[in-house]
Amino acid sequence: MPIWSAITTLPGAAEAAALGEALEAAEPAPYGVGVMEIEDGSGLFEVAAWFDTAPPGAALALAAAAFGARPFAVSEIGERDWVSEVQRELAPVSAGRFLVHGAHDRARAAGRRHALEIEAAMAFGTGHHGTTRGCLLAIHHLAKSGFRPRRVADIGAGTGVLAMAAASLWRAPALASDIDPVAAETARANAAANRLGPWIRALRAPGFAHPALRASAPYDLVLANILANPLKRLAPAMRRHVAPGGVVVLSGILNGQAAGVEAVYRAWGFSRRRLTRDGDWTTLTLDA
């Protein structure tokens, strides 16, 4: 089945993230949106969206103009197996005790206790983005401090890599939820491929809005790699679903947004345990 890509560039991480959020609300909605810094020293960011029907040209033009981006380049990809092409280009990523790799680098991961095999798919989270690396390092430091959760939730799980990292370390049951059905299926497949299926249940749900998520609460650890504004809206639900003495790891936060996100969570009774930055992105580890 053919798919379409719409790609543009613009200066500024905040502007790129805002354009990405606007695209997610477009009609027809794209099934995937990506925001990435172009690592050529230009300071430009690439914003891309993928559609299973021809994207709305007028709406894309208006969005580009509103955020100061170049006009979108729209292409029909057709039957090209772009996922396999991306897979071949992904190098293994090391983050603390974790090594995230594709099947093509399985030999290089041999002998690593916490090697996680993630294939590029229509879901976010191959470990290459600063937000994912930040969360993996946060999990690493929690384990190093002696923290040991009994119940874990990964909200906005994408490929399920964070739930898998927690299950690999602690063999704790984890619920991995995402609003995107493709992401939920991808997380389920990745967990099975890494022999972590018994500890991970993948669900389709926005936030904590699933009976299984509510029934399994309270959680000792909640991982949420989303975006700053959705994280702020999620703070009251975090308070209800995190156990006293529990921990939340938040990412998808631009450095300039971190203080605002942290302030919202402080107002709901959370306190900072750790803050790390990776490029333009901040990861917050907070105590409940």
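The values are calculated or read from the model by the stated rules, or taken from the named source; none is laboratory data. Please read all numbers here as calculations on a predicted model, not as lab measurements. FYI the Cβ positions are ideal-geometry reconstructions off the backbone, even for glycines, and counts take in every protein chain you see. In case anyone asks, the SASA skips ligands and DNA or RNA and just uses the protein heavy atoms, side chains included. Shrake-Rupley method; radii C 1.70, N 1.55, O 1.52, S 1.80 Å.
Looking at the stretch 242-250, can you tell me whether even one residue there is modelled with pLDDT of 95 or more, surrounded by fewer than 22 Cβ atoms within 10 Å (Cβ to Cβ) and either touching a Ser or Thr at 6+ places or on another chain (Cβ under 8 Å) or aromatic (Phe, Trp, Tyr) (or both)?
Looking for residues that are modelled with pLDDT of 95 or more, surrounded by fewer than 22 Cβ atoms within 10 Å (Cβ to Cβ) and either touching a Ser or Thr at 6+ places or on another chain (Cβ under 8 Å) or aromatic (Phe, Trp, Tyr) (or both), one finds none in the stretch 242-250, hence no.
If you check 58, 115, 91, which single one turns out to be open to solvent by 40 Å² or more (accessible area, probe 1.4 Å), more than 11 Å from residue 6 (Cβ to Cβ) and at pLDDT 75 or above?
It is 58.
Is it true that some residue in the stretch 264-278 is farther than 19 Å from residue 158 by Cβ, open to solvent by 10 Å² or more (accessible area, probe 1.4 Å), part of a helix (DSSP H, G or I) and modelled with pLDDT under 95?
The answer is no, given that none of the residues of the stretch 264-278 is farther than 19 Å from residue 158 by Cβ, open to solvent by 10 Å² or more (accessible area, probe 1.4 Å), part of a helix (DSSP H, G or I) and modelled with pLDDT under 95.
Take the residues in the stretch 160-186 that are among the hydroxyl-bearing types (Ser, Thr, Tyr) and open to solvent by 10 Å² or more (accessible area, probe 1.4 Å), then tell me which one is modelled with the lowest pLDDT. Can you show your working first?
Kept after step one, since they are among the hydroxyl-bearing types (Ser, Thr, Tyr), are these residues of the stretch 160-186: 168, 177, 186.
From what's left, open to solvent by 10 Å² or more (accessible area, probe 1.4 Å): 168, 186.
Working: 168: 91, 186: 83.
Out of the qualifying residues, it is 186.
Collect the residues in the stretch 132-159 that are buried (at least 24 other Cβ atoms within 10 Å of the Cβ), more than 15 Å from residue 221 (Cα to Cα) and modelled with pLDDT under 90, keeping them in residue-number order.
132, 158, 159
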